[in-house]
1. In whole angstrom, how long is each semi-axis of the equivalent ellipsoid of chain A, when you take the square root of 5 times every eigenvalue of its Cα gyration tensor and sort them from largest down?
2. Suppose R0 equals 25 Å; then what is the FRET efficiency for B:His202 and B:Val252 from their Cβ-Cβ distance, rounded to the nearest 0.05?
3. Of all DSSP beta bridges in the protein assembly as shown, what percent run antiparallel (nearest 5)?
4. Which ³J(HN,Hα) values in Hz, rounded to whole numbers, follow from the phi angles of segment A:179-186 under the Karplus curve 6.51 cos²θ - 1.76 cosθ + 1.60, where θ = phi - 60° and Gly and Pro get x?
5. Quickly work out the B:Glu190-to-B:Thr144 label distance, labels modelled 7 Å from Cα along the C-beta direction, and quote it in nm with one decimal.
6. Where in chain B are the DSSP H helices whose alpha-carbon span along the long axis reaches 15 Å or more and whose Kyte-Doolittle mean is at least 1.6?
7. Between B:Gly41 and residues 5 or more places away or on another chain, which pairs have amide H atoms under 5 Å apart, with H built 1.01 Å from N, and which residues are they?
8. Give the aspartates and glutamates whose C-alpha is closer than 18 Å to that of A:Lys83, dropping any in the same chain fewer than 8 places away, or say none.
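Just so it is clear, none of the values below were taken in a lab; they were calculated from the coordinates. Just so it is clear, the model here is predicted, and its values are computed rather than measured. With ideal geometry, Cβ positions are generated from the backbone for all residues, glycine too; neighbour counts draw on all protein chains shown.
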Amino acid sequence: MTAGAATRGLPVEFSGLSKNFGTVVAVDNLSFTVQPGRVTGFLGPNGSGKTTTLRMLLDLVHPSAGTATIGGRRYHDFENPSKIVGAVLEATSFHPARRARTHLRMAARAGGHDDKRADEVLELVGLTADARRKVGGFSMGMRQRLELATALIGDPDVLILDEPSNGLDPQGIAWLRDFMRFFAGEGRTVLVSSHLLSEMAQTIDDAVIVSFGQLKAQGTLEEITSGVTGLVMRARSPEADRLCAVLTEAHVAFRRLGHDEVAMDAVRPEQIGPLLAANQIVLYELTQEGADLESVFLSLTAGLGFGQLAPRP
Amino acid sequence: MINAFRAELIKMRSMPGVWVTFALAFPLAVLICVAVLAGAGGFPGHTFYFVQTLRQRRMLLGAGYFAIEILAPIMGVLCVTGEYRHKTITTTLVLTPVRTRVLGAKVAVVALWSILIALLTLVAVATVGLPWNAALGGVTSTVTDQVGAVVPGLLASAVLLGLFGLGFGTLVKNQVAAILIVIGGTLILESILIALARAIFHYDLNWLPNAAGAALAGDIARGFGGGGGGGRTFHLLTWWQGGLVMLLWGLVPLTIGYFTTFRRDVT
């Protein structure tokens, strides 16, 4: 298989994937699909099996059961995988005495790419000025960039990133976010694991949430954030008491937040607007809020509030 | 396989430890040249004398063997244990997921660099040993006549000693432990075992790595070829038997290491 337009955007599929380390179940019957052209966040607390799952995808760890495939093929079946998949796994896998350019030339040669590709990806990640420096003197952020450059050496169709923001400064994080969006915008596949939820919420299209090696939720970001607690409408009114009475009469669940503020659960503006207008209730403010990713994540990974979300195959 | 080999070449080239082995090859070979020329006149006699007997001529030409038997296994160990020490094994296997291909590339690159070390020792002989021998009154052609008898064995030994180091490096994974095993085991433990076996069982442990390497290398090998202690000749294997045994000393730990270590999960 060769890189090119025909192979851009391969789906990544995990099917019944499990991994036991002795008696410890690291990954438990995990099944989900990552779609091309989208940035998919792979979210879970520390020790939830994210890294093990990604390593099984890359054939670094052998699954106890199940399969992980890229475009229907297992990783080691690709004759030249760097043209298909780029992976950022850990920012420590460098020989400290090796220069950045030498490291990338090594990667280029392993993938059968031209040496000049090393300089191209160095420029892409902003390390051209440090090309001749030994990696042992690099900061964590620079190592992350070099790891990303290594992943991009073959201009792959699929990008796998395990906690790529670690060690990056805010500028680097913003750059990485833009890069992932750009990469997915070309129809390519991005699967990124992270526990930095606020950062992920700004970046991802889809989310997969795992806890204790099990799938807790999968879907678009909107589906996930609205699926657990539903939409919340918040109203501020000088007639809060009368508002509560109207809501009670209309069987709308609500919570009194303050003397002039009320939160209404699981309702949409199209429902509540006409109701309040018909009762001529004065409003200072009416806003729609969804549950944020962090609250969903915390509720799911704490084993609470699974509510309407069921694991998706 | 070619891509993996090219990647391994650049890795070896950028490892300081490999250059240390190179840096030591020349002076160690020169040191043995000094020892050969110092002993050529017999005792008591001249401090330095030109080589005379066939064995002396071959020992001068193959003076690098002593350097090779230390440095080639160390380089083999470094080639694979460095991957675990610096965690570069993750990148290596992501770029080349077929592990037998990675190991095959390492075998090839260790063989090549071992040959380069051997050639470097020959340069030491050519630039120091032979001119010095000539200055002492020796005829250079009487030494260079033995190239056909010495150099192939020297190069083959270098390759198999490198493979020996690679095999134990794959098996043990810990760099320091692997170096201690291949160097301490062959230079110290093996000598003790050989001496004990001869003294107690009157048996020549000629299939241990150093002795097998000596058999392949022939007369150039230090300590075995001419006699041995205890007034009884130490019987080396034939050159081809020595080569075969050395090959096994490399392949067996390499194979075991592949199944027990190299093929395991990289977590």
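1. Working: eigenvalues 398, 97, 57 Å².
The three semi-axes for chain A are 45, 22, 17 Å.
2. Details: r = 27 Å, r/R0 = 1.09.
With R0 = 25 Å, the Cβ-Cβ based efficiency is 0.35.
3. On the way: 34 of 52 bridges.
Counting only bridges with both partners in the protein assembly as shown, antiparallel ones make up about 65 percent.
4. Running phi through 6.51 cos²θ - 1.76 cosθ + 1.60 with θ = phi - 60° gives 5, 4, 5, 4, 4, 5, x, 7 Hz.
5. Result for the modelled spin labels: 3.2 nm.
6. On the way: long enough: B:2-13 (16 Å, 0.10); B:16-39 (35 Å, 2.18); B:65-85 (29 Å, 1.10); B:99-124 (37 Å, 1.75); B:147-172 (37 Å, 2.04); B:239-257 (27 Å, 1.25).
Length and hydropathy pass: B:16-39, B:99-124, B:147-172.
7. Amide H to amide H, under 5 Å and 5 or more residues apart or across chains, B:Gly41 pairs with B:Tyr49.
8. Correct list for A:Lys83: A:Asp59, A:Asp114, A:Asp115, A:Asp119, A:Glu120, A:Glu147, A:Asp155, A:Asp157, A:Glu186.
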